[in-house]
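The values are calculated or read from the model by the stated rules, or taken from the named source; none is laboratory data. For clarity, every value in this text was computed on a predicted model and none was experimentally measured. Cβ coordinates were reconstructed from backbone atoms using ideal geometry, including for glycine residues, and neighbour counts include every protein chain displayed. Remember, those area values only see protein heavy atoms, side chains included, never the ligands or the DNA or RNA. Shrake-Rupley method; radii C 1.70, N 1.55, O 1.52, S 1.80 Å.
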Amino acid sequence: RKQYEAALRRSEEHLHYVIDANPNAIITLDREGRFLTVSSPGLSLLGVSDYADIIYTHWQSYWHEEEQDTVAQAMQQAISGKPAYFVAQG
């Protein structure tokens, strides 16, 4: 079990580095729309400097009002099991 947990931790760390190295904003939300992960470019897009300030808060608190319908549609698409992405105006 300890080996499995260590391997899982290494995998999570690797994924974090890959996401943060991407120049695009990568944001994951739970089914209720709360932030789970936000890459460094994502923090910049949302105008947040520290991930701790945003974790588990709802995306609508930080997203531009004119793009909220687009985000909501992408979330519904993802919940239905289809890949979802969009280009934010930032």
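Give the residue from VAL18, TYR62, GLN77 lying farthest towards the positive end of the charge dipole for the chain; charges sit on Cβ (+1 for Lys and Arg, -1 for Asp and Glu) and the dipole is referred to the Cα centre.
VAL18
Taking the Cβ of LEU36 as the centre, find all other residues whose Cβ is under 15 Å away and add up their charges (Lys, Arg: +1; Asp, Glu: -1).
Once positives and negatives cancel, what remains is -3.
Run the dipole for the chain about the Cα centre, Lys and Arg Cβ at +1, Asp and Glu Cβ at -1, nothing else charged, and hand back the magnitude in debye, nearest 20.
Computed about the Cα centre, the dipole is about 560 debye.
Could you calculate the contour length gain from HIS58 to GLU13, that is, 0.36 nm times the residue separation minus the distance between their Cα atoms, to one decimal place in nm?
Result for the pair: 13.8 nm of gain on full extension.
For the chain, what is the accessible area per residue in Å² when the probe is 1.4 Å?
76 Å²
Could you work out the longest stretch of the chain that avoids the trypsin sites (Lys or Arg not before Pro) located in DSSP loops with at most 11 other Cβ atoms within 10 Å?
Longest stretch, sites excluded: 32-90.
Return the FRET efficiency for the residue pair GLU5, ASP69: r is the Cβ-Cβ distance, R0 is 41 Å, and the value is rounded to the nearest 0.05.
0.50
For GLU12, what charge total do you get from the other residues with a beta carbon under 15 Å from its beta carbon, if Lys and Arg give +1 and Asp and Glu give -1?
That sum, taken over residues with Cβ under 15 Å, equals -1.
Using a Gaussian network for the chain with springs between C-alpha atoms less than 10 Å apart, which of these wobbles most: TYR51, TYR62, TYR17?
Sorting by GNM fluctuation, first place goes to TYR17.
Given points 7 Å out from each Cα along the Cα-Cβ axis, report the TYR85 to ASP20 separation in nanometres with one decimal.
2.2 nm
Give me the angle, in degrees from 0 to 90, between the Cα long axis of helix 2-21 and the longest principal axis of the Cα atoms of the chain, rounded to the nearest 10.
40 degrees
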